[in-house]
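Let me begin by presenting the structure, written as structure tokens, before commenting on it.
The values are calculated or read from the model by the stated rules, or taken from the named source; none is laboratory data. Owing to the predicted nature of the structure, the values given are computational and were not obtained by experimental measurement. No Cβ is skipped: glycine too gets one built from the backbone with ideal geometry, and neighbour counts run over all protein chains shown.
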Amino acid sequence: MKIVIAGGTGFVGSALTNYFLANKHDVYILTRNTNKPAHDPKLHYVEWLTNGSAPEHELEGADVFINLAGVSLNSGRWTDERKKAIIESRVSSTKEIVRIMSVLHTKPAVYVNASAVGYYGTSTTETFVEHSPSISDENDFLAHTVKVWEKEAAQAEQLNIRTVLTRFGIILGEKEGALPKMLLPYQLFVGGTVGTGEQWVSWVHIDDVVRSIAFVIEHEHVRGPVNITAPHPVRMKEFGQTIARVLSRPHWLPVPSFGLKLLLGEMSTLILDGQHVIPQKLGEHHYKFTYNKLERALQDLL
């Protein structure tokens, strides 16, 4: 297949690229910087979002478009300027991908757009599946961002392109993603419960993120929102205790909520709030998780 990825050099994008190349697919990465050396003859860099760029000329015949592009949510304190950049980076990249697909003579079979479980809002009591309504209020920045992003991505359906909105949970990787920062206190022997410890962590191993994206591409009946989270979320206290057990480190020094709010401001919601999310649609289509329990996932990564 000919697979186009925006955000192909990031955490998830790099893992996806390596997976598709290993399976002998042609990968075209949309980037502002095309001077990167390609380590595989099937890997191509295509310039986009620059003055005069016309990526569509190189993307005719693409089977799949995947959009992972956007300013990272944890790249800095959520000032008004940072919030604007987070939303605009997602909207602009999505609009451009829809534009590119609209001018192709042969449309791709599927468009996969990254999204997040932040859509649902936060709760310690509710369980969310793909058809669950959002319970967020108008001040919930994460939920607002996801809704705006998904609304833009849904325009691809108007082109008769099957569109999948992959709502990611907390993605665990060995060197990237949230896990290295969560490990550090335990490595320094000062790990403990963060906040109340009652907040849910809907986590997923990076390998299952990659395999589930490949799964929804291959299964033509899958469309719309798809939760990409492991089937067994845990509360933050259990998450920390499991890290401690796998690393053989103590779990003893709590991190109070007010301290994180002082340090991180509104961005502290990424740590202090959460939601219990179940990947119902993947289960209905018989996707089998490699890492369905947290301890096994951590043992693999650590």
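Criterion applied to 293, 288 was being within 20 Å of the chain's Cα centre (by Cα) and free of Cβ contacts under 8 Å to residues at least 60 places away in the same chain, and the one residue passing it is 288. Would you check if there is a residue in segment 67-85 being surrounded by 21 or more Cβ atoms within 10 Å (Cβ to Cβ), closer than 15 Å to residue 153 by Cβ and of a type in the set (A, V, I, L, M)? Looking for residues that are surrounded by 21 or more Cβ atoms within 10 Å (Cβ to Cβ), closer than 15 Å to residue 153 by Cβ and of a type in the set (A, V, I, L, M), one finds at least one in segment 67-85, hence yes. Screening residue 95 on (1) within 21 Å of residue 152 (Cβ to Cβ); (2) outside any helix (DSSP H, G or I) shows it passes everything except condition (2). Taking the criterion of being of a type outside the set (Lys, Arg) and closer than 30 Å to residue 157 by Cα, the residues of segment 221-252 that qualify are 221, 222, 224, 225, 226, 227, 228, 229, 230, 231. Might you let me know whether segment 228-249 holds any residue that is at pLDDT 95 or above, assigned to a loop (DSSP other than H, G, I, E, B), surrounded by fewer than 22 Cβ atoms within 10 Å (Cβ to Cβ) and of a type in the set (Val, Ile, Thr)? Within segment 228-249, not a single residue is at pLDDT 95 or above, assigned to a loop (DSSP other than H, G, I, E, B), surrounded by fewer than 22 Cβ atoms within 10 Å (Cβ to Cβ) and of a type in the set (Val, Ile, Thr).
List every residue pair whose Cβ atoms lie under 6 Å apart, where the two residues are 6 or more positions apart in sequence or sit on different chains, the first residue falls within segment 37-49 and is farther than 17 Å from residue 23 by Cβ, and the second residue, located anywhere, is outside any loop (DSSP other than H, G, I, E, B). From segment 37-49, the pairs are 45/29; 45/31; 46/28; 46/30; 46/58; 48/30.
Residues of segment 116-128 that are crowded, with 16+ Cβ neighbours inside 10 Å and either in a loop (DSSP other than H, G, I, E, B) or modelled with pLDDT under 95 (or both): 121, 122, 123. Quick one: would you say residue 214 is modelled with pLDDT of 95 or more, assigned to a helix (DSSP H, G or I), of a type outside the set (Ser, Thr, Tyr) and within 30 Å of residue 111 (Cα to Cα)? Here the answer is yes, as residue 214 does meet what is asked. Taking segment 163-189 as the range and being among the aliphatic types (A, V, I, L, M) and either assigned to a helix (DSSP H, G or I) or modelled with pLDDT of 95 or more (or both) as the test, the residues that pass are 164, 165, 170, 171, 172, 179, 182, 183, 184, 188. On the stretch given as segment 20-66, residues that are among the aliphatic types (A, V, I, L, M), assigned to a loop (DSSP other than H, G, I, E, B) and crowded, with 16+ Cβ neighbours inside 10 Å total 1.
The residues in segment 30-89 that are under 23 Å from residue 1 (Cβ atoms) and among the acidic types (Asp, Glu) can be counted, and the count is 6.
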